[in-house]
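Participant: Could you have a look at this structure, given as structure tokens, before my questions?
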Amino acid sequence: MSAVAALDNVTHLYRATRALDGVTLALPEGKMIGLIGPDGVGKSTLLALVGGVRRIQSGAVTTLGGDMADARHRAACAARIAYMPQGLGRNLYPTLSVYENLDFFGRLFGQGAAERAARIADLLASTGLDPFPDRPAGQLSGGMKQKLSLCCALIHDPDLLILDEPTTGVDPLSRRQFWDLIDRIRARRPGMSVAVATAYMEEAERFDWLAALNDGKIIGAGAPAELRALTGEKTLDAAFIALLPPEARADHSDVVLPPLRAGEGAAIEAENLTCRFGKFTAVDHVSFRIGRGEIFGFLGSNGCGKSTTMKMLTGLLAPSEGEARLFGQKLDAGDMATRRRVGYMSQSFSLYSELTVRQNLALHAQLFELPEPGATARVSELLTRFALEGVADQRPEGLPLGIRQRLQLAVAVLHRPEVLILDEPTSGVDPVARDSFWRLLIGLSRQDGVTIFISTHFMNEAERCDRISLMHAGKVLAIGAPADLVAARGKPDLEQTFIAYLEDATASTESAEAVGFAAPRGNGAIRRFDPARLWAYARREAMEILRDRLRLVFAFVGPLTLLLTFGYGISFDVENLAYAVYDQDNSLESRELLENFAGSRYFSQRPDIGSAGEVDRRLATGELKLAIEIPAGYGRDLTAGKTPRVAVWIDGAMPFRAETIRSYVTGISQTWLAEQQRRRGLTMAASPINIETRFRYNQAFKSVYSIIPGVIMLILMLVPSMLTALGVVREKEVGSIANFRSTPVTPVEFLLGKQAPYIALSLASFGILFVTALVLFGLPVRGSALALFLGAALYIYATTSLGILFSAFLRTQVAALFATAVVSIIPAVNFSGLLVPVASLSEGGRLVGLIFPCGWFQEISIGAFTKGMDFVHLAPNLLALLGFGLFYQLCAVLALRKQEA
Amino acid sequence: MISATRRIFRLSVKELRSLLADPVLLALIFYVFTVAVVQVATGLKFEVEAAQAAIVDEDHSELSRRITSALLPPLFKTADVIAPAEIDAGMDSGRYVFVVEIPPKFESDALAGKKPSIQINVDATAMALAGNGAVYIQEIVARETASFLRRADGGGVTPVDLVVRSKFNPNLNSMWFTSVMEVINNVAILSIILTGSALIREREHGTIEHLLVMPVRPLEIMLAKIVANGAVIVGASLLSLLLVVRWYLNVPIVGSVPLFLLGSILFMVSVTALGLLLATFARTMPQFGLLSLPVIIILYLLSGSTTPLETMPDWLQWVMSFTPNTHFVSFAQAVLYRGAGVDRVWPELAILAVIGVVILGLCRSRFAKTISAQD
């Protein structure tokens, strides 16, 4: 038996946690391989190492005949491996349609238009997705998302298909269709190996070969029948438990549901509950009644309205129609007392990933105001009961799905609620943990009389409910005890019954067999740089931006607002400065002097000052910017030629303003002097020289001439970098970064592809700003227009690269947002020549100005708009901008690792 | 009421933990309140003295040398003496903001009463310096010429002795101003981004939904974010003011620090609430980034912390008077530079409080609407 992949003594650590512990394993070729085992035993890590998306820490991994530590081999076999990460539709782009998602993957693998069209048509037909090629992926049901994910993985005919828990959180009908689909594909491509991690043992039964993992070690491997024979157990479930080491097994026993002692009255009542989102009716006149202490199961395909119904019962959503009652009272979303009686667990993980497991529990204990010392004890009790002690001081973000679900449940029951509303609490949780979880629920229900409203996709869980309700497309299909429903339909088990109901409702039939793929895979070597892959990313990013209307509006309106505000708002003409006079003389002469101030547009007079103390006080409050003090006897002294002293006090709190005031005062006093001398007939001595002041570049000395080019510099620094800063880091948070890791796309193609649409967007924005500057503000382009346009393009290239750089090396969106804002605003405003010419900055300031592109572009902007500089003089700046762009990009490429740590 | 306070406290502790758990954020906060403040305070000079000037002396007379030496340090920073041919290149490249051209036979013509012309070239694109500098140089040239000629013919004196003095910052050292204002500007950037993005993150991760099914009111969630982020930022800014501005940069702070702290807290409440308010208009982080940028820039440049309010047209001054920054900047200048007491600045404090309450109210009503909406 040849192996498609082999691991040799592989150990993988996450900080102190051993995910894999000296694993040596060979995965047989051309088989359906299953990895089974509880959560957090290393299944995902093993698959990620085999697929080459995680870096090997120690040991050797060989996939498709090559060493996965070798980057060249990884690049070469990327096109032969398909990797589908854990989580519903994690590798899909929600705003792109079904067709566009597939098309994107096809382009990543370098397929031509005809080949893509043929393959997509074929995949859609064989998965039954063909009626909805234009539906956005985000609006698909969970089952459909997984089918689409699978299609995306299969588009390049991989030799090895890696599926990490592909059916977790998917309803039974969709699950069955999913595996049928895999079977059909394998029938058509018999050489393809499929490696699957799964928590569903009944699925594992149909695999060819299984490896059971526990605690980072392989505890058994072989065909399902072999494993059963080895342990002497009848079911795989039992066989797995038998394979576990004794201490892990100790906990296990069958789950028994004691009969329900009916409580009094109803805990939850729904009456014609309806919820509409726009035209779409998510929940359509749903009514049911859940008695106290009852365990009520909610079954249905993904997206059928289960979660929406549950949200209406918690008060998170207001029903469009109908009524929800809790303990006989109409649900009031604002009522704090009600919230204490309800525990809720949402479908997606919604606890704080930055807090540890213990801190999360403690926070909730505090918010529900559990009294001490009971609260601490309760937290410890739950840590024990939900087997979370081992991870109590870890943060949930690194923990496997199943453990995170246990934590969420622990949080939901923490305050001993009377009603528990649990939305798929056991999705992704392994069988052993699920059983212990159910024992807990049953205990809560039967001993404490807690009413439990739970949605699930597991049939064995549905069987443990007192009653279940089947839901489809917003409507309830049937309600009753599981056994009654099975009997009513005359099917062998609940799963068949459920599928029968669903098939009735949908009246859908899977297309039995699809035609073979039209085009064989090209066997050409993977190109190191392929413009088609770059284009695939650029195109995808562009579609996403174009669909995010709000972002588009902000991206254009923000810059324009800034330009208009500053164009009309900033000037360096300081006017209407508040001043007051302390005239102790009050003579004709003193009034004459003061008239010069009163007549100036720069100053605006306030009530006179009456005392020396008032000068200080009114300046101190900021009411006055300037105080003029004329001494008693001024007029007398002036006429007598005794040179009286006039004191002018300026508020020096803002030095720029103070200097301006000083220069105004000087100007006014010179005018006054000239007037005095003229009157005395001293015209001769008026001025011995002419001082000609030439305001170059801007004869009229209009602020807009210098402000507008500067504001354009500022905007093109901030907005483009902000646009790209979240690009990569967002994919990291959302999970679609997996596509970068698992497809042949290189970091350069990926980053350039993400950057390109934003360059285009920013160029368009520059165009708008440019036209506005010309038309609205009448700005001329006195110098080289070519240098201006080329400069803007290179500057945008540099600033978008800066954003990409932050995005590539930071881990969270918040950090990227913050870093970009701080690192771009401070130099762009202060050290780029916007306010003060770069030559006038201190050494340190000039240096800061030089190491950012903004100062270089400011010279181009001012030079080309107002200074009339030609291309040759601006050429060095253009080169500098290009250099910045290349440097940032290089750093980003180095910071972005193709493989996960 | 007591339990609401306790819940706000608990949630604040949670917020603090989230903040402390992110080393990148902490590093940025540190940078913003130390290195960035020093960079701006020491790097950015609005004084005319800082301007680069050059002189073209074609006269080589005593008068021309007197004018030249008057334009050299300490009044001007290393004014270069250049050849006439270098004028255009020097000004085009932005190397010189002012170039004074003294023509040949300037002194002899002046003595002969022929009124020779001296030319001052000003780079009018350097708006902050051009106007003041031109007046300043004119004054120097006129003074030097007058005193030279007076000595030559024993001329008269000016009729009035005009003494201009600056209060609160006698040497008009711009570092005193820029250092404190940079702290304030950074406070605004941080408050808006930290609280706003914290809310968006909760929404994107679904944790806000989780909070809303617990006995916690939306107002409490908001207040907790304000308290936690506000405490960190107020604390950091106070340390920055005392350690970086007063101790390291040696900028005198004459006013009452506790009073400033009180104002800071009121200011903090309104800007963090503004961050939250902006976050309620955005659904995703990229949207929030684009929405908050223009707001931050406008507050940074137009609140009176960078350019004087008096430079703006009335309508814009009116608009800006609704922002907390404008009032806080005016408050901070009064307290820190002019030593104003609470008796003089209480109106600003009252306005800050009112703005805070109004933004919080707006935020509260948007919050309930947007949080429950499906995305």
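The values are calculated or read from the model by the stated rules, or taken from the named source; none is laboratory data. As the structure is a computational prediction, the values presented were derived from the model and not from experiment. Please note: Cβ atoms are built from the backbone with ideal geometry, for glycine as well, and neighbour counts cover all protein chains shown. The area values use the complete protein model at the heavy-atom level, side chains included, leaving out ligands, DNA and RNA. Shrake-Rupley method; radii C 1.70, N 1.55, O 1.52, S 1.80 Å.
Participant: Any idea what the dipole of the protein assembly as shown comes to, in debye rounded to 20, about its Cα centre with Lys/Arg Cβ at +1 and Asp/Glu Cβ at -1?
Facilitator: Value, rounded to 20: 200 debye.
Participant: Follow-up. Which far-off residues, 5 or more places away or on another chain, put their amide H under 5 Å from the one on A:ILE162, with H placed in the peptide plane?
Facilitator: Distant-sequence amide H within range of A:ILE162: A:ALA82, A:TYR83, A:MET84, A:ALA195.
Participant: Now a separate question. For the range B:48-153, calculate the relative contact order in percent as a whole number, restricting contacts to Cα pairs under 8 Å that are 6 or more residues apart.
Facilitator: Here the relative contact order equals 32 percent.
Participant: For labels at B:ALA27 and A:ALA487 in the simple 7 Å Cα→Cβ model, what's the distance in nm?
Facilitator: Output for this residue pair reads 6.8 nm.
Participant: Per-residue mean of other chain beta-carbon atoms within 10 angstrom of the beta-carbon, peptide B:16-23?
Facilitator: 4
Participant: Right, here's the next one. Could you work out how far apart the two model spin labels at A:ARG395 and A:ASP573 are, taking each label as a point 7 Å from the Cα in the direction of the beta carbon, and quote it in nm?
Facilitator: 5.4
Participant: Ignoring ligands, DNA and RNA, what accessible area per residue does the range A:750-899 give at 1.4 Å, in Å²?
Facilitator: Per residue, the range A:750-899 has an accessible area of 31 Å².
Participant: If you count only protein heavy atoms and use a 1.4 Å probe, how large is the accessible surface of A:LYS31, to the nearest 10 Å²?
Facilitator: 80
Participant: For the full complex of protein chains and a 1.4 angstrom probe, list A:TYR14, A:TYR352 by accessible area with the highest value first.
Facilitator: In descending accessible area the options line up as A:TYR14, A:TYR352.
Participant: Which pairs in the list A:LYS311/A:LYS898; A:LYS147/A:LYS279; A:LYS145/A:LYS306; A:LYS625/B:LYS45 are over 28 Å apart, alpha-carbon to alpha-carbon?
Facilitator: Listed pairs above 28 Å: A:LYS311/A:LYS898.
Participant: Of all the Cα-Cα pairs you can form in the range A:577-682, what percent are over 19 Å apart?
Facilitator: Tail of P(r) above 19 Å: 43 percent of Cα pairs.
Participant: By the gyration tensor of its Cα atoms, with a ≥ b ≥ c the square roots of the eigenvalues, what is the shape of the range A:374-454: rounded for a/c under 1.5, prolate for a/b over b/c, or oblate?
Facilitator: Oblate, since a/c reaches 1.5 and b/c is not below a/b.
Participant: If you take every DSSP beta bridge fully contained in chain A, what fraction is antiparallel? Give it as a percent rounded to 5.
Facilitator: For chain A, the DSSP antiparallel bridge percentage is about 50.
Participant: Return the average number of partner chain Cβ atoms within 10 angstrom of each residue Cβ along peptide B:295-305.
Facilitator: Counting Cβ atoms of other protein chains within 10 Å of each residue's Cβ and averaging gives 4.
Participant: Along its three principal axes, how long is the protein assembly as shown when you only count alpha carbons? Whole Å, largest extent first please.
Facilitator: Per principal axis, max minus min of the Cα coordinates gives 125, 70, 51 Å.
Participant: Still on this structure, please answer the following. Carbon and sulfur atoms: what percent of the 1.4 Å accessible area of the range B:48-153 do they account for?
Facilitator: C and S fraction of accessible area: 53 percent.
Participant: Turning to a different aspect of this structure: With N residues in the range B:48-153, what two-decimal value do you get for its Cα radius of gyration over 2.2 N^0.38 Å?
Facilitator: 1.03
Participant: Follow-up. Only bridges with both residues in the range B:48-153 count here: give the DSSP antiparallel percent, nearest 5.
Facilitator: Of the beta bridges lying entirely in the range B:48-153, close to 35 percent run antiparallel.
Participant: If A:CYS891, A:CYS275 are ordered by their accessible area, calculated over protein heavy atoms with a 1.4 Å probe, which sequence runs from highest to lowest?
Facilitator: If we order A:CYS891, A:CYS275 from most to least accessible, we get A:CYS891, A:CYS275.
Participant: Give the A-B buried accessible area in Å², both sides summed, 1.4 Å probe, nearest 100.
Facilitator: 12900
Participant: Which value, in debye to the nearest 20, gives the size of the charge dipole of the range B:301-373 about its Cα centre, when Lys and Arg are +1 and Asp and Glu are -1 at the Cβ?
Facilitator: Computed charge dipole of the range B:301-373: roughly 360 debye.
Participant: Summing Lys, Arg as +1 and Asp, Glu as -1, what charge do residues with Cβ under 10 Å from the Cβ of A:ASP21 carry, A:ASP21 excluded?
Facilitator: Net charge around A:ASP21: +1.
Participant: Mind listing P(r) for chain B? All alpha-carbon pairs, 10 Å bins, whole percents.
Facilitator: Spelled out per bin, shortest first, that is 5, 19, 24, 19, 14, 10, 6, 3, 1, 0.
Participant: Taking 40 Å² as the minimum loss, tell me which residues in the range A:530-564 lose that much accessible area going from the chain by itself to the full protein complex (1.4 Å probe).
Facilitator: A:LEU550, A:ARG551, A:PHE554, A:LEU562
Participant: Calculate the dipole size of the range B:48-153 relative to its Cα centre from +1 charges on Lys and Arg beta carbons and -1 charges on Asp and Glu beta carbons; express the result in debye to the nearest 20.
Facilitator: With Lys and Arg at +1 and Asp and Glu at -1, about 380 debye.
Participant: How large, in Å, is the range A:1-112 by the Kirkwood hydrodynamic radius built from its alpha-carbon pairs?
Facilitator: 15.6
Participant: Nearest 5 percent is fine: what portion of the DSSP beta bridges confined to the range A:577-682 is antiparallel?
Facilitator: In the range A:577-682, approximately 35 percent of DSSP beta bridges are antiparallel ones.
Participant: Quickly work out the A:ALA318-to-B:GLU86 label distance, labels modelled 7 Å from Cα along the C-beta direction, and quote it in nm with one decimal.
Facilitator: Spacing of the two 7 Å Cα→Cβ label points: 7.4 nm.
Participant: For the range B:311-375, take the convex hull of the Cα atoms, compute a quarter of its surface area, and give me that in nm², please.
Facilitator: 6.5
Participant: Next question. Quick one: compute the contact order of the range A:577-682, relative version, from alpha carbon pairs under 8 angstrom and 6+ residues apart, as a percent.
Facilitator: The value is 30 percent.
Participant: Regarding the range A:550-593, what whole-number volume in Å³ per residue does the convex hull of its Cα atoms give?
Facilitator: Dividing the Cα hull volume of the range A:550-593 by its residue count gives 91 Å³.
Participant: Work the Kirkwood hydrodynamic radius out for the range A:780-901: mean of 1/r over every pair of different alpha-carbon atoms, inverted, in Å.
Facilitator: It is 15.2 Å.
Participant: Just by accessible area at a 1.4 angstrom probe, what is the order of A:TRP856, A:TRP672 from largest to smallest?
Facilitator: Order by accessible area, largest first: A:TRP856, A:TRP672.
Participant: Over the range A:827-868, what is the mean sequence separation of C-alpha contacts under 8 Å (at least six apart), divided by residue count, expressed as relative contact order in percent?
Facilitator: Result for the range A:827-868 is 40 percent.
Participant: Another question, then. What average number of partner chain Cβ atoms lie no more than 10 Å from the Cβ of the residues making up B:36-43?
Facilitator: Taking all residues of B:36-43 together, the mean is 6.
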